[in-house]
Amino acid sequence: MVNVSRLRPVLPAVSVGSDSVVIRRSGQSQPVIAGILGRFTNDKGEVTRVVLDRMVHRLSENEFEGWRISGAVVTELHRQKSTQ
């Protein structure tokens, strides 16, 4: 028998485009699409933070796949550091 408390939930997948972000949740056929208000990059040109045009995360969510999320009026995505 599998110990259910050790299973991690499937996190929503995030695709960052040039002017929008697509969020796909497991079990939902319709993706969430939001416009980008601001994009921040590091010295290597990698996107580290994205500010969306509206709130797309749920109150119970605090991370998407590879991103921490926050915000009360709009959603802010902060790239998580890889643990490699």
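Worth a mention:
- Among the residues here, Arg58 does not qualify as closer than 15 Å to Ser20 by Cα and either touching a residue at least 40 places away in the same chain (Cβ under 8 Å) or not aliphatic (A, V, I, L, M) (or both).
- Any pair with Cβ under 7 angstrom, 6 or more apart, that starts in the range 1-28 at a residue that is at pLDDT 90 or above and of a type in the set (Lys, Arg) and ends at one that is in a strand (DSSP E or B) and surrounded by 12 or more Cβ atoms within 10 Å (Cβ to Cβ): Arg24/Ala13
- Restricting the range 29-62 to residues that are touching a Pro at 6+ places or on another chain (Cβ under 9 Å) and part of a loop (DSSP other than H, G, I, E, B), the residue that is modelled with the lowest pLDDT is Glu61.
The values are calculated or read from the model by the stated rules, or taken from the named source; none is laboratory data. Remember, it's a predicted structure, so these values are computed and weren't measured experimentally. With ideal geometry, Cβ positions are generated from the backbone for all residues, glycine too; neighbour counts draw on all protein chains shown.
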